[in-house]
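In what follows, a structure is listed as structure tokens, so that the remarks can point back to it.
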Ligand SMILES: [Fe+2]
Ligand SMILES: [Fe+2]
């Protein structure tokens, strides 16, 4: 039987780099069916289509950030159960990423030009949160997911009424994000102190402003 080699720090570094490249430049496949398929792809006038594309680009960036955060947090999680929790949530975020990318293509649009930057920033924040301990790590997940859930509610109002496909995608994402937050709460998340939630909300506001256009 061949000997099993213990992964070295260099192996981990390559794994992290590969994940980053896949998220930003690759097109990681979804493991669940595309929710957009359940709704008709209604042809929209250019202004409505462009607006929908701007909103879906924001959601795609949100998922790039989720990947960065979760992988950053998982890289330094102390408890194997916490790491497993983060990696499982990241798999569902990969589905979201793939669905948003597909919807952007259907809307004749493209992902944000700044995705490498969004990923690097989120990964660094994830590392910092993770280094403070697993309670913080999970607290970060809860706060992120709750903010994303609220933001998806806003988009479900803001999207053009005829964009049934984007709506179908966001509805499934919203359910998943709520479950991610619930699971992290049950796993022992601590409540993040002021001003961290406000700083996170401000950072995501800046991201949304840029990603809508670029
Ligand atoms: Fe997500
Ligand atoms: Fe999530």
*Residues in the stretch 120-137: is at least one at pLDDT below 95, under 30 Å from residue 38 (Cα atoms) and out of contact with any helix residue (DSSP H, G or I) (no Cβ under 7 Å at 6 or more places or on another chain)?*
no
*Among the residues of the stretch 139-181, how many are under 14 Å from residue 86 (Cα atoms) and within 11 Å of ligand 2 (Cβ to nearest atom)?*
9
_Considering residues of the stretch 33-52 that are over 17 Å from residue 160 (Cα atoms) and exposed (fewer than 14 other Cβ atoms within 10 Å of the Cβ) only, the residue modelled with the highest pLDDT_ = 33
*Got a number for residues in the stretch 139-170 being assigned to a helix (DSSP H, G or I), more than 15 Å from the chain's Cα centre (by Cα) and touching a residue at least 60 places away in the same chain (Cβ under 8 Å)?*
7
*Filtering the stretch 1-26 down to residues that are touching a residue at least 24 places away in the same chain (Cβ under 8 Å) and surrounded by 12 or more Cβ atoms within 10 Å (Cβ to Cβ), which residue is farthest from residue 65 (Cα to Cα)?*
16
*When residue 102 is evaluated against the numbered criteria (1) more than 15 Å from ligand 1 (Cβ to nearest atom); (2) assigned to a helix (DSSP H, G or I); (3) buried (at least 16 other Cβ atoms within 10 Å of the Cβ), which criterion, by number, is the only one it fails?*
(1)
*Restricting the stretch 171-194 to residues that are out of contact with any helix residue (DSSP H, G or I) (no Cβ under 6 Å at 6 or more places or on another chain) and in contact (Cβ under 8 Å) with a residue 60 or more places away in the chain, which is surrounded by the fewest Cβ atoms within 10 Å (Cβ to Cβ)?*
171
*asked:* Quick check on the stretch 80-94. Is at least one of its residues touching a residue at least 40 places away in the same chain (Cβ under 8 Å), in contact with a helix residue (DSSP H, G or I) (Cβ under 7 Å, 6 or more places away or on another chain) and away from ligand 2 (no atom under 15 Å from the Cβ)?
replied: yes
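The values are calculated or read from the model by the stated rules, or taken from the named source; none is laboratory data. Here the structure is a predicted model, which means the values were calculated and not measured. Cβ coordinates were reconstructed from backbone atoms using ideal geometry, including for glycine residues, and neighbour counts include every protein chain displayed.
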